[in-house]
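Participant: Please see the structure below; I have some questions.
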Amino acid sequence: MKPSFPSLPCVLFGLLLAPPVAIAHPSGGPYGPVQKTYELPVAAHIYYVAPDGQAEADGLTVAAPTTLASAIDRVVTGDAIILRGGTYRTGGLELNQGITLQPYADERPVLKGTQVATKWESLRDGVWRTPWRILFPVKPADWWRRNREGMRTPLHRFNNDMVFVDGRALQSAGWEGELDANTFSIDYEGGYVFIRQDPTGHEIEITTQDSALVRTTRPVHGKASDGKGPVIRGLTFTQYAYRAIEIEGKEPEGPQDPATFGKEVVGTTLENVTITHCSRVAGYFRGDHLTVRNCLVSDTSTEGIYIIGSADCLLERNIFARNNVEKITGYYPSAVKIFNQSHRVTCRDNLVIDQPDSNGIWYDVGNVDGVFVDNWIENCLDGFFFEISKGAICAGNVFVNCDHGVRSLNSSNVSVWNNTFVDSVASFERTERSAVNDHFGWHPATGPGVDQREGHVFANNLLTASAGFAKPLLRFEQPALLRERLTRPQVKLLDGNVFVRDGTAKTLLVWSPSTVESNLQELPSLAAFQKLQPRFSAHDFELPEYHGPLFRSRELHRFELTQDFPGAKAGVPWPADILSLLGLTADRAPFPGAYAPAP
């Protein structure tokens, strides 16, 4: 089951500001990137590159490194590029071969999409400017609704330029009169960047590259694509104006057979990679059999990792932190977006933290058979969000201080087992939304029809509320206009859960469909719900206004149950697939939440 960590927010804050390291994991593996010594891969040819390498050098020995661009021009399937440590100010690299990129020994290569600005002119009121030729003005996407969001998000936030002072990212401002020590502005017509601090003695970096590496499906460097994704280990990518990495591929437009997409580039692997400070997305990934393991993705804007139209992917033991750093509204940000008919994507043992203006991991539009197990999600909007999709297992996770720990919207057959919710709501919702006249066109057609949004399971979960948490812990929602059309419950099994409330919240559970006018019935207690719906909750357990034994230490984020907690043995038997995912044997007695009580 999911491990816990003492003083988790403080520990992670320090780690995310430091060089790549790992959080210890009880099973022996790390979370996030770890500095390590890499053995040379088995490769047809190995090319050595360095920040000061010479383009004309052959790069076949450590003593004669070439440049990264030259090596990428030469490699073919099965080759490897070994990067010496240091800073590579480079980007716009294109690759179409299945190769390996990794550091030399334990050195730390850092790829940056910025250049240092050195020519500054002092203006009045403490403002300085520098001429800058490479700028990235961008308009919002055509589906962004200015009439709804223009009063919350200024248009300059959609531009992709970034400015850093001694490695610290500044936010954009609309003009020179708004500037302070934490912001920058740009005159796009004149070609100037403005800051409000003396640059003397500081390193000021400004973006010059849209991307670091694009794995294209087109012919490049005189070679046709081999259909294989790269293996990237131990590298750091930072300060790119749009995205650091992109894997190209076909995107389905409307419902399509999964055999027709995700095959152009297969098998991309990222291990121990750090991607930070990209103005939009850390990476766009298309293609089946993607693996992202032990990586750190942080300080992005609209998304961190974005997976599109791909099958049989694995995200494991990564850290995702601080997405939507620009606080853009109306763009539906998410630290991880799994989008457009992706099948069998597994998210396991990830830490998703510090996302107050972003969702956590969002399976969005036409996903099938997602697996979300043993993750820790903290301080997010929606932690695990499953929308317009079919079939998911969400088991063994911890949700802390999320608007919704689990949210299912217009989806079917979502099984939620043995999760721990700490001041986080679980919500199952369905609306009348369909592909007819939808703002996003065909999107709803990729998921279940309006009459098929049911079949959910919610069992053996532990839902806890502290004294100041007044929200209902569990919600089943549908609008009043669907009362006559959708009369069956969304959930088919609701049992074995434990509800613990430290305060005096008026509502425990919201239920729909209902006979009340709003079609949402607020129920104050488990007993009231069992009376209303006697087919459910036979083995659910409630402790209202409870102040007795519960967690090993809430303050230290140790959410293992104590032996003397009254609900420690609640629960119902697990089906075989859940037992397997949670690593339990058939003879294990049921328990609630993500942690088995100590023996």
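The values are calculated or read from the model by the stated rules, or taken from the named source; none is laboratory data. What you see is a predicted model; the values in this text were computed from it and never measured. Note that we place each Cβ from the backbone using ideal geometry, even for glycine, and neighbour counts take in every protein chain shown. Heads up: the accessible areas ignore ligands, DNA and RNA and are worked out on the full protein's heavy atoms, side chains in. Shrake-Rupley method; radii C 1.70, N 1.55, O 1.52, S 1.80 Å.
Participant: So, with a 1.4 angstrom probe, what is the percent of accessible area on the chain that is carbon and sulfur?
Facilitator: 52
Participant: Something else: Compute the signed sum of charges (Lys and Arg +1, Asp and Glu -1) over the other residues within less than 10 Å, Cβ to Cβ, of G567.
Facilitator: Counting the neighbours of G567, the net charge comes to -1.
Participant: Can you list the HN-Hα couplings for the stretch 368-382, worked out from phi with the Karplus curve (6.51, -1.76, 1.60; θ = phi - 60°), rounded to whole Hz and with x for Gly and Pro?
Facilitator: Calculated HN-Hα couplings, in order: 9, 6, x, 10, 10, 9, 6, 9, 10, 10, 9, 6, 10, 6, 9 Hz.
Participant: Which order do peptides 107-113, 85-91, 313-319 fall in by mean Cβ count within 10 Å, highest first?
Facilitator: The packing order, highest mean first, is 313-319, 107-113, 85-91.
Participant: Among bridges DSSP assigns within the stretch 464-599, what percent are antiparallel (round to 5)?
Facilitator: 40
Participant: Could you pull out every residue, at least 5 positions away or on a different chain, whose amide H is within less than 5 Å of the one on V163? Hs are placed 1.01 Å off N in the peptide plane, and Pro or chain starts have none.
Facilitator: L170
Participant: In what sequence, highest mean first, do 290-298, 516-524 appear when ranked by Cβ atoms within 10 angstrom?
Facilitator: Listed from highest to lowest mean packing, they are 290-298, 516-524.
Participant: Right, another one. Would you please give the residues with an amide H less than 5 Å from that of A435, counting only those at least 5 places away or on a separate chain, with H modeled from the backbone geometry?
Facilitator: The list, which skips near neighbours in sequence, is A445.
Participant: Please report the antiparallel percentage of the DSSP beta bridges confined to the chain, to the nearest 5.
Facilitator: Of those bridges, close to 15 percent are antiparallel.
Participant: Quick check: the angle from helix 8-17's long axis to the longest principal axis of the chain, C-alpha only, nearest 10 degrees?
Facilitator: The answer is roughly 10 degrees.
Participant: Report the label-to-label distance for H202 and L314 in nanometres (one decimal), using points 7 Å from each Cα along the Cα→Cβ vector.
Facilitator: Taking the two extended label points, one gets 4.5 nm.
Participant: Here's another thing I want to ask about it. Just to check I understand the Karplus step: with θ = phi - 60° and J = 6.51 cos²θ - 1.76 cosθ + 1.60, what whole-Hz values come out for the stretch 154-163, glycine and proline as x?
Facilitator: Each residue's phi maps through the Karplus curve to give x, 4, 5, 5, 7, 5, 9, 5, 9, 10 Hz.
Participant: Can you sort W175, W442 by solvent-accessible area, 1.4 Å probe, largest first?
Facilitator: From most exposed to least exposed: W175, W442.
Participant: Which whole-Hz couplings ³J(HN,Hα) result when phi for each residue of the stretch 291-299 is put into the Karplus expression 6.51 cos²θ - 1.76 cosθ + 1.60, θ = phi - 60°, listed in order with x for Gly and Pro?
Facilitator: Once rounded to whole Hz, the list reads 10, 10, 9, 6, 10, 10, 10, 8, 6.
Participant: A further question follows. Over the chain, how many percent of alpha carbon pairs lie in each 10 Å bin up to the one with the longest distance?
Facilitator: 3, 16, 25, 25, 18, 9, 3, 0
Participant: Take the residue pairs K228/K263; K228/K250; K327/K471; K337/K492; K390/K492 and return only those whose Cα atoms are more than 21 Å apart.
Facilitator: K327/K471; K337/K492
Participant: To the nearest Å, what is the center-to-center distance of the stretch 323-342 and the stretch 492-567, using C-alpha atoms only?
Facilitator: 31
Participant: Whole Å is fine, so just give me how far the alpha carbon centre of the stretch 425-489 lies from that of the stretch 258-290.
Facilitator: Cα centres, the stretch 425-489 to the stretch 258-290: 30 Å.
Participant: Let me ask you something else. Can you give the FRET efficiency for A44 and A259, using 1/(1 + (r/R0)^6), R0 = 30 Å, r = Cβ-Cβ distance, to the nearest 0.05?
Facilitator: 0.45
Participant: Quickly rank 559-568, 144-153, 345-354, 481-490 as a protection proxy: mean count of other C-beta atoms within 10 Å, highest first.
Facilitator: Order by mean packing, descending: 345-354, 559-568, 481-490, 144-153.
Participant: So, one more: Counting only heavy atoms of protein chains, what accessible area per residue, in Å², does the chain have with a probe of 1.4 Å?
Facilitator: Per-residue accessible area for the chain comes out at 39 Å².
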